[in-house]
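Below is one structure; the comments refer to it alone.
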Amino acid sequence: MTDNRRNEIGNFDIYINSKEKPPEGNEELLSKKLNWMNLSIKRFIDLLFAFLFMLTIGWWLFPIVALLIKLESSGPVFFKQEREGIYNSSFHCYKFRSMVINKDANLKMATKNDPRITRVGKFLRKTSIDELPQVLNIIYGNMSWVGPRPHIFIQNDAHSLEIECYRNRHLVKPGITGLAQARGYRGEIDMADSIYFRYRLDMYYIKNWTVLFDLKIIWMTAKSFILGDENAY
């Protein structure tokens, strides 16, 4: 890993080639940023934005996407998958279905040029519209607008072998987007350094959370959506 990788992080004080371990315990993180007041503020903003989204965009966009999915392939409109959430709990994460029905959907992650992805699905994934049903997860209380992305349990088990404290990411609710995704780390995790880099960004977010930080990440994600992201597929 070269030192110029540091430049990709912008002003964030994280070094991908650093061997420094994250805190072994959770107490320091909890006491600084995850107190009840901050969590209540974050929850209020999550619900406010979720209802505003459904009232302005979701009510007309969801039926259109559902119709396109049904016209191209048989099967349900939504894809439901068990993922690991806050405090290592289990929840069902919702997405618009972007693949043909297949037995490996809950075990095998999508890859570039994956033959299981439909034509409509390619568009949904490229634009991240497939993730929008997770607004329902926000309303249910399983997720937040911003936070570490949720993975399936077996994927987290594998990453925990690479990074001892990997599940410290679950000190907060998972998000529709996160700092790692806003920095361009999306899609298939195919390299060990990518796992570590995403983890460091997630932990930086947890330790430095503010309302303005959330808004900045949402803006970065929106800008990536408008300009297009080559890592989305």
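Just so you know, all these numbers are worked out from the coordinates, no wet-lab data involved. This is a predicted model, so every value here is computed, not measured. So basically every Cβ, Gly included, is an ideal-geometry build from the backbone, and we count neighbours across all protein chains shown.
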> Rounded to the nearest 0.05, what FRET efficiency is calculated for A222 and S89 with R0 set to 22 Å and r the Cβ-Cβ distance?
Replying inline: 0.15
> What nm value, rounded to one decimal, do you get for the distance between K70 and I139 when each label is placed 7 Å out toward the C-beta?
Replying inline: 1.9
> In whole percent, what relative contact order does the stretch 25-227 give with Cα contacts below 8 Å and a gap of six or more residues?
Replying inline: 21
> To the nearest 0.05, how large is the calculated FRET efficiency for K126 and S160 if R₀ is 35 Å and r is the Cβ-Cβ distance?
Replying inline: 0.70
> For the peptides 52-59, 80-87, 167-174, 65-72, what is the packing order when you average, over each peptide's residues, the other Cβ atoms within 10 Å and list the highest mean first?
Replying inline: 167-174, 80-87, 65-72, 52-59
